[in-house]
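Trainee: Have a look at this one.
The values are calculated or read from the model by the stated rules, or taken from the named source; none is laboratory data. Fair warning: this is a prediction, and the values are worked out from it, not measured in the lab. Methodologically, a virtual Cβ is constructed for each residue, glycine included, from the backbone with ideal geometry; neighbour enumeration extends over all protein chains shown. Note: accessible area is taken over every heavy atom of the protein model, side chains too, but ligands, DNA and RNA are not part of it. Shrake-Rupley method; radii C 1.70, N 1.55, O 1.52, S 1.80 Å.
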Amino acid sequence: MPESVNSPVCFNQDSPRNVNGMEAPQQLSRQAIDEFKALYHEEIGQDISDDEAREIAFRLLRLFDTLLQPLPGNTSGRSGIQKGDC
């Protein structure tokens, strides 16, 4: 598989994670919280509570949602990234 496919900057717009109009979840599953806490510990080296994990995860989801919004004056869709841009 080409490296750009796995790049955190490059994504496939056909992926269900990137559907236009998709809303951030209002709740996280136990599994999602546990996975986030494990990733946080692995990357940052600190343990966090469930409430901290939930808050940080929701902030990240809101950030990603903001980043995926269309640029002003852009009619090509979320973030203006087209297939093949990567």
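Trainee: Considering only protein heavy atoms, what is the solvent-accessible area of Glu35 at a probe of 1.4 Å, reported in Å² to the nearest 10?
Mentor: The accessible area comes out at roughly 100 Å².
Trainee: At Glu35 and Leu60, where each label point lies 7 Å from the Cα along Cα→Cβ, what is the point-to-point distance in nanometres?
Mentor: 1.1
Trainee: Here's something else I'd like to know. Calculate, for Leu67 and Glu43, the FRET efficiency according to 1/(1 + (r/R0)^6) with r their C-beta to C-beta distance and R0 25 Å; round to the nearest 0.05.
Mentor: It comes out at approximately 0.85.
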